[in-house]
Amino acid sequence: MSKKKFSVNGTFKDSVNTVKFLTERKSFINSAEAVLPTRTDDFGVNKVAKSIHPKEQKLVISRIEKHKTFAKSYYLKSETAPLAYFKAGQYLTFKFEIGNAVVTRSYSIASSPASALKGEYQITVKRISDGFVSDYILDNWSVGDKVTAYAPEGNLTYNPLRDAENIVGIAGGSGITPFLSLARAIDEGDEDCTLTLLYGCRTSDEILFKAELDSLSEKNEKINVVYVLSHSDEEGYEKGFVGADIIRKYAPEENYSIFVCGPGGLYKFLETELPKLEKERKYIRFEVFSSGKKVEEAKEYSITVINRGAESVIKANSNETVLCALERAGIEVPARCHTGECGFCRSKLVSGKVYIPEGEDKRRIADMQFNFIHPCCSYPESDLVIRIN
Ligand code: FES
């Protein structure tokens, strides 16, 4: 089609050009092939979408940095395509084959979005008790190893249409990583919000990235970092837990949103603390973690799994999620968040009964009615038959 020029004010010439343009466009459409091309991959828009949302990313570990707190940072480069871009606060889900199990786990990205454009992600993994996958990473991942991750996802991100422009970040332990990413993004000019970071640790020795956080807070007035120690009384640090009093003391006077990322204990504590602030629920966002199920005595059940028409029977325990049982049996399930939020693991419960902890049932109403479950936060309470994929 020929290019027509239109003025800003709209003249008679513009009207003529518009008529010519529409006539040309009509003849152009009429002369196009009636059958759609089958190779939709060739469309420019699809190429862009694919690079932003790749199904999988083949990554290689380029560098490992040891922290003094039983934690390591892993720097990952792409083996093939450019890295998928992300928003500060999002996470990467990795796929592991550990023994016979096929397992997925998510880790928040610590690096800034700009670093993805330069070809690098950073994640930080801390050793935790019963941390099956975290321990596996810390003990096995070496420089040069190849790993598989899905595209970045997650909602602990700043959205000016939804959130206040002042963010109060509450971090516990290794839950600091999404806030480090946000602080870096603010400093690089990629996020236009302020960050008051309340970082809770047991002792000052456990603080991760202290030198960088201090330097960001010193040079950028939009970033303020406060350390809160629960198990030691040291000069220059707040003592106690990050609760309503500490938030009131440091939060900006203007409206603010609260973002939370940390271990289960932090969420339990905040359940009673945050209501004291009387904030609207829309201004509070959590990077959620499963609280698990407390049972006196674990019972063993069987799960009949229907997967693309084939059937298999696996064992499951009442104190582990259905997803956990599937992964242990080596059955690959599309899973990302492990918290019931993303819906990737959604499966049909054909028969049987599951327990879903309070607050973790994030299914759509239609899914509840038609017996679809999220195996990542469903615990068997009887023998089950489920259909995955
Ligand atoms: S993995 Fe996200 S809902 Fe189950």
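The values are calculated or read from the model by the stated rules, or taken from the named source; none is laboratory data. Note that the coordinates shown come from a computational prediction; the quantities given were computed from them, not determined experimentally. In this analysis, Cβ positions are derived from the backbone assuming ideal geometry, glycine residues included, and neighbour counts consider all displayed protein chains. Protein only, heavy atoms only, side chains kept; ligands, DNA and RNA dropped before computing areas. Shrake-Rupley method; radii C 1.70, N 1.55, O 1.52, S 1.80 Å.
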Wholly within segment 92-210, helices (runs of 4 or more DSSP H) carrying at least 1 residues that are closer than 30 Å to Pro252 by Cβ and open to solvent by less than 10 Å² (accessible area, probe 1.4 Å): 113-117, 177-187
Breaking point among (1) at pLDDT 95 or above; (2) among the aromatic types (Phe, Trp, Tyr); (3) under 26 Å from Ala185 (Cα atoms), for Phe94: (1)
Unique residue being at pLDDT 70 or above, under 19 Å from the mean Cα position of the chain (by Cα) and not small (Gly, Ala, Ser) when the list is Glu56, Glu33: Glu56
The listed residue being basic (Lys, Arg) and away from the ligand (no atom under 13 Å from the Cβ), out of Lys362, Lys299: Lys299
Pair list, Cβ < 9 Å and 6+ apart or interchain, from segment 305-325 residues that are of a type in the set (D, E, K, R) to residues that are assigned to a loop (DSSP other than H, G, I, E, B): Arg308/Asn389; Lys315/Ala329; Glu320/Gly292; Glu320/Lys293; Glu320/Ala298
Only listed residue being open to solvent by less than 50 Å² (accessible area, probe 1.4 Å), of a type outside the set (S, T, N, Q) and more than 15 Å from the ligand (Cβ to nearest atom), chosen from Pro380, Pro334, Pro375: Pro380
Residue selected from segment 342-359 under the condition modelled with pLDDT of 85 or more and more than 17 Å from Arg387 (Cα to Cα), by the criterion farthest from the ligand (Cβ to nearest atom): Tyr355
Selected residue (only one of Lys87, Lys68 is outside the structural domain of Gly189 (by TED's automatic domain parsing), in a loop (DSSP other than H, G, I, E, B) and under 20 Å from the mean Cα position of the chain (by Cα)): Lys87
Residue pairs meeting the criteria (Cβ under 7 Å; at least 6 apart or on separate chains; first in contact (Cβ under 8 Å) with a residue 40 or more places away in the chain, in segment 132-157; second open to solvent by less than 20 Å² (accessible area, probe 1.4 Å) and part of a helix (DSSP H, G or I)): Leu156/Pro178
Residue check, Glu327 within 14 Å of the ligand (Cβ to nearest atom), closer than 22 Å to Ala151 by Cα and open to solvent by 80 Å² or more (accessible area, probe 1.4 Å): no
Residue within segment 309-317 that is crowded, with 21+ Cβ neighbours inside 10 Å and outside the structural domain of Gly99 (by TED's automatic domain parsing) present: yes
Odd one out for Thr177, checked against (1) more than 17 Å from Ser111 (Cβ to Cβ); (2) out of contact with any helix residue (DSSP H, G or I) (no Cβ under 7 Å at 6 or more places or on another chain): (1)
Flag if Val385 is more than 15 Å from the ligand (Cβ to nearest atom) and loosely packed, with under 14 Cβ neighbours inside 10 Å: no
